[in-house]
Every structure is written in structure tokens, then in C-alpha cells.
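The values are calculated or read from the model by the stated rules, or taken from the named source; none is laboratory data. Fair warning: this is a prediction, and the values are worked out from it, not measured in the lab. Cβ placement follows ideal geometry from the backbone for every residue including glycine, while neighbour counts extend to all protein chains displayed. These area figures cover heavy atoms from the full protein model, side chains too; ligands, DNA and RNA do not enter into them. Shrake-Rupley method; radii C 1.70, N 1.55, O 1.52, S 1.80 Å.
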Amino acid sequence: TGSVGIPLSCAAVGEAAAIAAIITAVIKASLIIAITIIQIEVSQSQGGGFAGVMKDVTRALGTSPILIAPAAGILWSASGLELPQAIDTFTRIVGDAAGPCALFAIGLFLVGKPISEGITETSLTTAMKLLVQPILTWWLVVAFFDMPPLWGVIAILMAATPTGAGSFVLAQQYNI
């Protein structure tokens, strides 16, 4: 969502869309990743009752770079401090390379995998993500949420973007 949705939003609507797109991407990714981590940790719990499961979930959430990075960025932004020029330049270079590198890594993982493997699950998930989620988001924006039109457009556009590399990273981390 971030690597496709933010530039797409800015290209479609203009630079005014940047803040809405960034906030949407961060919240969406953080929620989806957190919910997924919770589901995986609960399903893979090795016992220990409720306290053991909660310990595993808390540890996993508290050590996830996918959750820590946006939180650290939000806190830094709220502090009002500027990044030193060298760090700003470095993070921009790394940030510009992140999308292509993620796609390359996913492509390397898929080499040699039969295209028909998991086709039913993949097709259903893709249809839900690229068709059902945008329609549901449109319905919620129109029927329930009183938001500025720009934010509604960005919400629908971001809902229609493909899932990013976060899912791949979690699948690799948990070997699932």
C-alpha cells in the first residue's frame, strides 16, 4: 500500500493527497500486521495458558520492526526535531530502493514455485483485496463516515492497492 498507494495517490490527486495517503498507509499496515502477528502467535502458542499466549503476543508485537519503525517515525515527527542532513539523505536513498528491493526479494522467493500451487487461496485472497475491500471501503465512506472528499478518495484508492511486502516478510519470519 505504501510503495504503490502513496505515489499513486499523489499522481492521481496531487501533492495534497500525500498526508492522507501516508497516514492511511501507516495505520492500515500497522493494524493488519498487528492483527496478523496476534493470530499467528495465538495459533502457534506452545502452551502456558492465557499468560503464556499473552507473553508471546506482547513479545512479538514489541519486537516487530514493521510496527516499531512507524511508531518511531511518528514519535520523531511529533517531537519537532529535524533529522541531521546525513541521516535524512541516507534514509531517502534507502527508502527509494525499498520498493524495488522488496519486489526483487519476492521474485527470488517465487522462482521455481509451481504457478498452480495455492491457486484457489491466492485467487480468493486477491479478489477479496482488490475487489471486495475497495467496494466495502466506498460503501463505508459514503454511508457511515463524514470525511472530507479528499480523504474519502484516498481511503478508496488505498483500499484498491495490492498488498505489500509486509505479508511476505511475516510469512518468511514465521515460516508459513
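Here is what passes the span test in the chain: the DSSP H helices with alpha carbon length of 27 Å or more along the helix axis and a Kyte-Doolittle mean of 0.0 or above are 18-43, 85-110. Its residues counted as N, segment 6-110 yields a C-alpha radius of gyration over 2.2 N^0.38 Å of 1.36. The GluC sites (Glu not before Pro) of segment 1-90 that DSSP puts in a loop, and whose beta carbon has at most 15 other beta carbons within 10 Å, are Glu82.
Regarding the chain, what whole-number volume in Å³ per residue does the convex hull of its Cα atoms give?
170
Helices in the chain, meaning DSSP H runs of at least 4 residues, each add -39500 (n - 2.57). Divided by all residues, the mean residue ellipticity at 222 nm is -24500 deg cm²/dmol. For Ile23 and Ile119, the difference between the fully extended length at 0.36 nm per residue and the C-alpha to C-alpha distance is 31.3 nm. The mean accessible area for residues of segment 1-78, using a 1.4 Å probe and ignoring ligands and nucleic acids, is 59 Å² per residue.
When +1 charges are put on Lys and Arg Cβ atoms and -1 charges on Asp and Glu Cβ atoms, the dipole computed for the chain relative to its Cα centre reaches about 220 debye. Take the convex hull of the alpha carbons in segment 91-132; its mean projected area over all directions comes to 4.2 nm². Ordering Leu81, Ile154, Thr122 by the projection of their Cα atoms onto the charge dipole of the chain, which places +1 on the Cβ of Lys and Arg and -1 on the Cβ of Asp and Glu, puts Thr122 at the extreme positive end.
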